[in-house]
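Enquirer: One structure coming up, written as structure tokens, with questions to follow.
The values are calculated or read from the model by the stated rules, or taken from the named source; none is laboratory data. Computed from a predicted structure; not experimentally measured. All Cβ positions, glycine included, derive from the backbone under ideal geometry; neighbour counts span all protein chains shown. Ligands, DNA and RNA are stripped out before the accessible areas are found, and what is left, the full protein with its side chains, is counted by its heavy atoms. Shrake-Rupley method; radii C 1.70, N 1.55, O 1.52, S 1.80 Å.
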There are 2 protein chains.
Amino acid sequence: MTPTADCPGHPTPAKARRRLPAAERERQIVEAAAQFFAEHGLGGQTRELAKELGITHSAIFRYFPTKEALLDRVYEHVYVKRWNPAWTGLVCDRSQPLSSRIVRFYAEYTEQIFDFVWVRIFVFSGLKGYDIAPRYLATIRERVIHPICAEVRADLGLPDPETIPLTEREIEAAWAMHGKVFYLAIRKFVYGWPIPHNLSQTISDDVTSFLEGSRFIFLESVSSAEFRKNKQY
Amino acid sequence: MTPTADCPGHPTPAKARRRLPAAERERQIVEAAAQFFAEHGLGGQTRELAKELGITHSAIFRYFPTKEALLDRVYEHVYVKRWNPAWTGLVCDRSQPLSSRIVRFYAEYTEQIFDFVWVRIFVFSGLKGYDIAPRYLATIRERVIHPICAEVRADLGLPDPETIPLTEREIEAAWAMHGKVFYLAIRKFVYGWPIPHNLSQTISDDVTSFLEGSRFIFLESVSSAEFRKNKQY
DNA sequence: ATCGTTGTTGACCGCTTGGTAACAAGCTAT
DNA sequence: ATAGCTTGTTACCAAGCGGTCAACAACGAT
């Protein structure tokens, strides 16, 4: 396209700035790249990205030695600092009923996660085999899944995970709820399929359904784990 | 994998056939292409696919006018005929308890769906904006989600969807279970993350948890829908 | 053998791709 | 101004891409 499209008819066409300070241009490129790669996949072309920025693709390579380096910056920009450290404590704060703790966590969590760029780049890099997804899921397991299981145990008057380690069934029950929430995001941003308009109602239902529905799983799998443990002596 | 791996050292290496009848070669290409595109994405190169087949990329274009045409055949090969028509009736067969019907459906369903090629091509084409995913989800909604909701209604002694239309909350509750199952597939084939070794136990837990946990959602949302309906007169 | 048929090849075309280098256009200080 | 640094563009490269085509190699029938 015409790079200098400042319609030659205008005498003083507001003179849109074409030369930006380095730091600002760099930030601008990263931001546009995140949106761009989320849309077109990680294989999207730098030339097209440049076009959207109104610069040439060579300009991008002034700021990033390679496309890979740009992608690394995009990952950093999208995934770092989106985790609120307060969340971990939130689930364990027993001054409130368990269900409202979990509801509140997922309400805040989805506010960060239900994002076109976040979800799609996550899936794109998962498909490419990058380690973003496994590493992130390991974090979720430690900071969300396990704490929730521990709290459910406490809520049901069951022994804590230190005494009787969490079983696969219990962990999977917690993943079910997490999966439901993330599946909503996939439905929306990957499949382009509508999701319920009342998201907080949905989340609240999911949490209640999880707590109600998986109670017996916790009771059952803990008691059978206890049984196996006692048999050892 | 390598069909013609005739290690050049052998004097009479059984003479692995290089010239195949057209129909067989075509079938072979489609099958290899499905595996290949599932692995490398829909942007994978025909030359590399050809290399895996032990032929040149030109040979592929003898059988398929364009890469797009090959992809169409792959879609057909992967997604057509994987739906068992008996499934629709399965959920509605009231001679058995509802939970075992649903468990059985999802057991059979996952047997078809938990497949590297199926899941990844599904997600790849979803990200590209092809209509495979939305169309498929519409089918799931009609043939699985809605029937399950109707059966839950009947099981709880609630009015059928003809009388009181299904609410968004009820439908979403059923999607929760479906999403959990599909999220397992995504964890495995997209993120490369382990899933429980006892899949049938997990599915059975998920179904029980759904039926137990969403009972109140059905009761509540039906009664409020009835209330709204009566108010009209 | 010889012929036509058919699967396969290798060289080639035009376009796109990430990446480079030389040069032009702004800004700022003197 | 103009020197000097910074920012951006033009023009280019080499490799890779989907797709084409003429020639060739393997078969079956005669």
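Enquirer: For helix A:116-127, report the angle its Cα long axis makes with the longest principal axis of the Cα atoms of chain A; keep it between 0 and 90° and round to the nearest 10°.
Expert: 80
Enquirer: While we're on this one: Given R₀ = 51 Å, what would the calculated FRET efficiency be for B:PHE216 paired with B:ARG47, taking r from the Cβ atoms and rounding to 0.05?
Expert: Working: r = 58 Å, r/R0 = 1.13.
With a Förster radius of 51 Å, E is 0.30.
Enquirer: Quantify, in whole percent, the carbon and sulfur part of the accessible surface of chain A (1.4 Å probe; protein heavy atoms only). Spell out each step's value before the answer.
Expert: Values: 6360 of 12120 Å².
The C+S portion of the solvent-accessible surface of chain A is 52 percent.
Enquirer: Per DSSP H run of n ≥ 4, the term is -39500 (n - 2.57); total these for the protein assembly as shown, divide by its residue number, and report the mean residue ellipticity at 222 nm rounded to 500 deg cm²/dmol. Could you put the intermediate results ahead of the total?
Expert: Details: 24 runs with 310 residues, N = 466.
The helix-only estimate for the protein assembly as shown comes to -21000 deg cm²/dmol at 222 nm.
Enquirer: Still on this structure: If you wrap a convex hull around the C-alpha atoms of the range B:82-231 and split its volume per residue, what is the figure in Å³? Write out the running numbers ahead of the final one.
Expert: Values: hull volume 18.0 nm³, N = 150.
Hull volume normalised by residue count: 120 Å³.
Enquirer: Test of understanding: in a Gaussian network model of chain B with alpha carbons linked when under 10 Å, which of B:LEU70, B:LEU156, B:LEU211 would top the mean-square fluctuation ranking?
Expert: B:LEU156
Enquirer: Please give me the summed charge of the neighbours of A:PRO97: other residues whose Cβ is under 11 Å from its Cβ, Lys and Arg +1, Asp and Glu -1. Before the final figure, lay out each step's value.
Expert: Values: positive: A:ARG94, A:ARG101, A:ARG104; negative: A:ASP93, A:GLU151, A:ASP155.
Net local charge, A:PRO97 excluded: 0.
Enquirer: Name the lysines eligible as straight-distance cross-link partners of A:LYS188: C-alpha to C-alpha under 26 Å, and not fewer than 8 places from it in the same chain.
Expert: Partners within reach: A:LYS81, A:LYS128, A:LYS180, B:LYS128, B:LYS180, B:LYS188.
Enquirer: Compute the orientation-averaged projected area for the protein assembly as shown from the convex hull of its Cα atoms and round it to one decimal in nm².
Expert: On the way: hull surface 141.4 nm².
Directional mean of the projected Cα hull area for the protein assembly as shown stands at 35.3 nm².
Enquirer: In what order, largest first, do B:ASP206, B:ASP160, A:ASP155 sit by accessible area if the probe radius is 1.4 Å? Show your work: numbers first, answer last.
Expert: Details: B:ASP206 20, B:ASP160 75, A:ASP155 100 Å².
The most accessible residue leads, giving A:ASP155, B:ASP160, B:ASP206.
Enquirer: Specify the angular offset, from 0 to 90 degrees and rounded to the nearest 10, of the alpha carbon long axis of helix B:22-40 from the longest principal axis of the alpha carbons in chain B.
Expert: 60
Enquirer: Now for a different question. Once you put a point 7 Å from the Cα of A:SER58 and another 7 Å from the Cα of A:ALA23, both along the Cβ direction, what distance in nm separates them?
Expert: 2.8
Enquirer: Total accessible area buried between chains A and B, 1.4 Å probe, in Å² to the nearest 100?
Expert: Details: alone 13960 and 13770 Å², together 24040 Å².
Chains A and B together bury approximately 3700 Å².
Enquirer: Compare A:THR163, B:THR139 by solvent-accessible area with a 1.4 Å probe and give them largest first, with all protein chains kept in place.
Expert: On the way: A:THR163 70, B:THR139 45 Å².
My answer, sorted largest first, is A:THR163, B:THR139.
Enquirer: Solvent-accessible area of A:VAL144, probe 1.4 Å, all protein chains present, reported in Å² to the nearest ten, please.
Expert: Accessible area of A:VAL144: about 0 Å².
Enquirer: With every protein chain present, what accessible area does B:TYR109 have (1.4 Å probe, heavy atoms only), rounded to the nearest 10 Å²?
Expert: Per-residue accessible area (B:TYR109): approximately 10 Å².
Enquirer: Keeping all protein chains in place, calculate the accessible area per residue for the protein assembly as shown (probe 1.4 angstrom), answer in Å².
Expert: Values: 24040 Å² over 466 residues.
Ligands and nucleic acids excluded, the figure is 52 Å² per residue.
Enquirer: Ranked by accessible surface with a 1.4 Å probe, highest first, in what order do A:LYS67, B:LYS81, B:LYS180 come? Numbers along the way, then the final one.
Expert: Working: A:LYS67 60, B:LYS81 185, B:LYS180 5 Å².
The ranking, largest first, comes out as B:LYS81, A:LYS67, B:LYS180.
Enquirer: To the nearest 10 degrees, how steep is helix B:215-231 against the longest Cα principal axis of chain B, on a 0 to 90 scale?
Expert: So the inclination is approximately 60 degrees.
Enquirer: Let me ask something additional. Taking every eigenvalue of the Cα gyration tensor of the range B:88-140, multiplying by 5 and rooting it, what semi-axes result, largest first, whole Å?
Expert: Numbers: eigenvalues 159, 34, 7 Å².
Taking √(5λ) for each Cα gyration eigenvalue gives 28, 13, 6 Å.
Enquirer: Continuing with the same structure: So how far apart, in nm, are the two label points at A:GLU76 and A:ALA138 if each is 7 Å from Cα heading toward Cβ?
Expert: Those two pseudo-labels are separated by 2.1 nm.
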